[in-house]
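Read through the structure below, which is laid out as structure tokens, and then see the notes.
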Amino acid sequence: MNKITIAIDGFSSTGKSTVAKQLAKALGYVYVDSGAMYRAVTFYAMENGLINDDDFNSEALIYQLQDINISFKFNANLGFAEVYLNEVNIEKQIRTLEVSSFVSQVAAISEVRQKLVEQQQKMGKNKGVVMDGRDIGTIVFPDAELKLFMTASAETRAERRYQELIERGDKVEYNAVLNNVQERDYIDSNRKDSPLVKAKDAIEIDNSNLTLEEQFNKILQLAKMTI
Ligand code: C5P
């Protein structure tokens, strides 16, 4: 069967990764979480003392980019690939509110984007990939056959992310999560390099009032019509 590239972009916590995983599974495609790669670089910077409180040494990070090796390994129990930093599984560590609060600053650095976009393009070169992020339909795969742009109100998104963090056992306040979601959206949409914008040929899906099942069925149908 003909394989295509599916690009899913949108604001923070719009449920992109949930539907991307479901879609990849249904189609037998590879799922790539590009946000996990930006989170991995951020985690590296935190672990190596390049981010302290509000002080971020971006020059040192750029200098050390060559020491950062990000890879994915499929976990059959979970049904998706987990992210590794220099061969260490960091899937859990990158989902904290602390990493979320710095990741958009790290993702605004052109040198970081250049390195990760190159790797993402290599991962998708044989098609049969579902990748989610902020610039997948615009920069990484401008020729993707199917582009989706997910939206939902900031409150709906913050509530979802808050529940996720609470279920993991993290102690967080709803307002801190809402502030983080809004701040990341602002930085992601206003950065100079590859800002978050809807690609002209992307289909917008507002999932504020859709159940996961309704959303999945809608998107699967779009994918089948495209393939
Ligand atoms: O998707 P997720 O929320 O995990 O992404 C974390 C952050 O990584 C985003 O807020 C954004 O700053 C950055 N990102 C990006 N480009 C992508 C994917 C994520 O700039 N393609």
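Of the helices (runs of 4 or more DSSP H) entirely within the stretch 7-78, those holding at least 3 residues that are touching a strand residue (DSSP E or B) at 6+ places or on another chain (Cβ under 7 Å) occupy 16-27, 34-47. Exactly one residue out of L50, L78, L85 is under 27 Å from K171 (Cβ atoms), out of contact with any Ser or Thr (no Cβ under 9 Å at 6 or more places or on another chain), among the aliphatic types (A, V, I, L, M) and away from the ligand (no atom under 13 Å from the Cβ): that is L78. Does at least one position in the stretch 93-108 carry a residue that is of a type outside the set (V, I, T), farther than 24 Å from K127 by Cα, more than 14 Å from the ligand (Cβ to nearest atom) and at pLDDT 95 or above? Within the stretch 93-108, none of the residues are of a type outside the set (V, I, T), farther than 24 Å from K127 by Cα, more than 14 Å from the ligand (Cβ to nearest atom) and at pLDDT 95 or above.
Where strands (runs of 3 or more DSSP E) sit wholly within the stretch 108-227, those with at least 2 residues that are within 30 Å of L65 (Cα to Cα) and of a type outside the set (A, V, I, L, M, F, W, C) occupy 129-133.
Is it the case that some residue within the stretch 135-156 is surrounded by 14 or more Cβ atoms within 10 Å (Cβ to Cβ), within 20 Å of Q215 (Cβ to Cβ), under 15 Å from the mean Cα position of the chain (by Cα) and small (G, A, S)? Looking through the stretch 135-156, at least one residue is surrounded by 14 or more Cβ atoms within 10 Å (Cβ to Cβ), within 20 Å of Q215 (Cβ to Cβ), under 15 Å from the mean Cα position of the chain (by Cα) and small (G, A, S). Looking only at the stretch 110-160, residues that are within 12 Å of the ligand (Cβ to nearest atom) and hydrophobic (A, V, I, L, M, F, W, C) come to 9 in all.
Pairs are defined by a Cβ separation below 8 Å, a sequence spacing of at least 6 or placement on different chains, a first member in the stretch 189-210 that is over 14 Å from S12 (Cα atoms) and modelled with pLDDT of 95 or more, and a second member that is part of a loop (DSSP other than H, G, I, E, B) and among the charged types (D, E, K, R); the pairs so defined are S194/R134; S194/D135; E204/K198. Taking the criterion of being within 26 Å of I68 (Cβ to Cβ) and away from the ligand (no atom under 14 Å from the Cβ), the residues of the stretch 6-43 that qualify are A24, V30.
When you scan the stretch 194-211, do you find a residue that is surrounded by 14 or more Cβ atoms within 10 Å (Cβ to Cβ), small (G, A, S), away from the ligand (no atom under 16 Å from the Cβ) and within 30 Å of N2 (Cα to Cα), even just one? Checked the stretch 194-211: no residue is surrounded by 14 or more Cβ atoms within 10 Å (Cβ to Cβ), small (G, A, S), away from the ligand (no atom under 16 Å from the Cβ) and within 30 Å of N2 (Cα to Cα).
Surrounded by 20 or more Cβ atoms within 10 Å (Cβ to Cβ) and either modelled with pLDDT under 95 or under 18 Å from I136 (Cα atoms) (or both): does that describe V19? Yes: the conditions hold for V19.
The values are calculated or read from the model by the stated rules, or taken from the named source; none is laboratory data. Quantities reported herein were computed from a predicted structural model and do not represent experimental measurements. Glycine also receives a Cβ, built like all others from the backbone with ideal geometry; neighbour counts cover every protein chain displayed.
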